[in-house]
Amino acid sequence: MNNQPFSSRRLRIAVLNRHFGYRYGGAERYAAAVVEELAARHEVHVFAQEIEHTFPGVNYHHISCPLPKPRWINQLWFALQTWLRTRQGFDIVHSHENSWHGDVQTVHVRPFRVGLFHGRSGSRRALKWLSLITSPRLLAYWWLEAARLHPHPGKHTIATSEQVKQETCDAYPGTAAHMHVITPGVNLPQSPADQAHERAQLALPPQVPLALFVGNDYAKKGLGTLLDALREVPELHLAVVGHGQQIQAFRQQAQQLQVADRVHFLGSLPDVTPAYGAADFLIHPTTEDTYAMVVLEAMAHGLPVIVSAAPYCGIATELTHGKQALLLTEPRDSRQLAKHLSDLLASTPLQQRLRAAGQLFASERSWRAVAQAHERLFLQMLEST
């Protein structure tokens, strides 16, 4: 990405994101990081139902949540309320949510339409169609996405990876003419981590090889496979960061596999930085990830990475096996993962090579450059109207 200076024109930008802050998922972290960069030059207004973020110059607007569940009704409510409040007075309305309005729509995940029918054919596909037309929840999501991605003069769509772009264009061919790819960025650490200090702060054992797993959906991100592989690498410990509600089930799996004494569940952390500083490697054997910001963040912190190859993980399309990372061609294969772990532990030169190439890869993808790409798009849109 080019690091060109920001424009001198000051824009009034509305950003729509139901949950806004860094403690949520990758989409929310992406939105927050871009907002922080844009706020230095523009008037930015955030519309959200949950806000765990404060930054100088950002204007926050709370959207009520009278009925949190069922979620599909709340999604419709949020779309309606933000439409009413942003119809006028903004140069750009930028939505990270399924809604029928917004000049720019950022798509972070596989389209709902694709996920609904993925891997289904014949009678299974017919049954899914039947469930769709008889389910208010599925119909609401179907309609919101179709309205969001319907071609409209002046509307543009951002995909956060080439994989998301391809799947979105396949499902909604009309989006191709105004589709842009702006992948996530990262901020490099200002100083090296004190590993001993970070481990002490997180109550992690000192002086042992320590791998890191970060993810909220433990099953989808491959924690089960990683625990199985851990049996074959008896010297390795594992720190697990992510939402606490899934811990008990995977703690039981670790006990059954007799690796529980080497697995350290840290729960959800407000800031993952200390965990990156404490670890020696990042392991991300995901079975479905449209990009994986955690991989980019780990590289920025100097961690060698083992990650699923494409099509399981979007960032892998930009990586070369053995250069920036070790890639898993089959993330459900615990033996392949165990071999990669053993190879990494046994070779200091391999660790050094992955660390250096990973840091270089991350350094070329700053959040400032990501924000500048957004700004260029916004200005092009306004100049063409």
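The values are calculated or read from the model by the stated rules, or taken from the named source; none is laboratory data. Worth saying up front: this structure is predicted, and the values here are computed from it rather than measured. All Cβ positions, even for glycine, are placed from backbone atoms using ideal geometry, and neighbour counts span all protein chains on display.
What to note about this one:
- Within the option set K128, K165, being under 22 Å from the mean Cα position of the chain (by Cα) and more than 26 Å from A356 (Cα to Cα) holds for one residue only, K165.
- Listed by first and then second residue, the pairs with beta-carbon distance under 7 Å, at least 6 apart or on different chains, first residue in the stretch 290-317 and without any contact (Cβ under 8 Å) to a residue 60 or more places away in the chain, second assigned to a loop (DSSP other than H, G, I, E, B) and buried (at least 22 other Cβ atoms within 10 Å of the Cβ), are V307/A292; Y312/T286; Y312/P331; C313/T286; C313/A292.
- Qualifying positions in the stretch 21-59 - under 14 Å from the mean Cα position of the chain (by Cα), assigned to a loop (DSSP other than H, G, I, E, B) and of a type in the set (S, T, Y): Y22, Y24
- W143 under 25 Å from the mean Cα position of the chain (by Cα), outside the structural domain of E288 (by TED's automatic domain parsing) and in a loop (DSSP other than H, G, I, E, B): no
- Only residues that are under 16 Å from D217 (Cα atoms) and touching a residue at least 40 places away in the same chain (Cβ under 8 Å) were counted in the stretch 235-245, giving 1.
- Pairs where the first residue, in the stretch 166-178, is within 18 Å of C313 (Cα to Cα) and in contact (Cβ under 8 Å) with a residue 12 or more places away in the chain and the second is among the hydroxyl-bearing types (S, T, Y) and part of a helix (DSSP H, G or I), C-beta under 6 Å, 6+ apart: T168/T175
- For the stretch 280-320, the set of residues classified as under 17 Å from S334 (Cα atoms) and either part of a helix (DSSP H, G or I) or of a type in the set (G, A, S) (or both) consists of S308, A309, listed by residue number.
- Only one of the numbered conditions (1) more than 23 Å from L226 (Cβ to Cβ); (2) buried (at least 17 other Cβ atoms within 10 Å of the Cβ) is not met by A316, and that is (1).
- No other residue among Q248, Q258, Q253 is of a type outside the set (A, V, I, L, M, F, W, C) and without any contact (Cβ under 8 Å) to a residue 12 or more places away in the chain apart from Q248.
- Yes/no for W77 being buried (at least 16 other Cβ atoms within 10 Å of the Cβ), under 14 Å from R148 (Cβ atoms) and either touching a residue at least 12 places away in the same chain (Cβ under 8 Å) or among the hydrophobic types (A, V, I, L, M, F, W, C) (or both): no
- Of the residues V240, V272, V263, the single one that is touching a strand residue (DSSP E or B) at 6+ places or on another chain (Cβ under 8 Å), over 16 Å from L226 (Cα atoms), among the β-branched types (V, I, T) and crowded, with 21+ Cβ neighbours inside 10 Å is V272.
- A single member of Q190, Q207 is modelled with pLDDT under 95, over 30 Å from H150 (Cα atoms) and either β-branched (V, I, T) or not assigned by TED's automatic domain parsing to the domain that holds G267 (or both), and it is Q190.
- Candidate set from the stretch 347-385 (those that are hydroxyl-bearing (S, T, Y) and more than 26 Å from L210 (Cβ to Cβ)); member that is surrounded by the most Cβ atoms within 10 Å (Cβ to Cβ): S366
- Test: residue in the stretch 165-178 that is β-branched (V, I, T), surrounded by fewer than 21 Cβ atoms within 10 Å (Cβ to Cβ), outside the structural domain of G314 (by TED's automatic domain parsing) and at pLDDT 90 or above: no
- Output for the stretch 266-310, where each listed residue is of a type in the set (F, W, Y) and within 29 Å of Q166 (Cα to Cα): Y291
- Going through (1) in contact (Cβ under 8 Å) with a residue 60 or more places away in the chain; (2) buried (at least 23 other Cβ atoms within 10 Å of the Cβ); (3) of a type outside the set (G, A, S); (4) in contact with a Gly (Cβ under 9 Å, 6 or more places away or on another chain) one by one, L344 falls short only on (4).
- Selection status of G244, at positive phi, assigned by TED's automatic domain parsing to the domain that holds P304 and not basic (K, R): no
- Of all residues assigned to the stretch 153-165, none qualifies as being farther than 24 Å from L38 by Cα, charged (D, E, K, R) and part of a helix (DSSP H, G or I).
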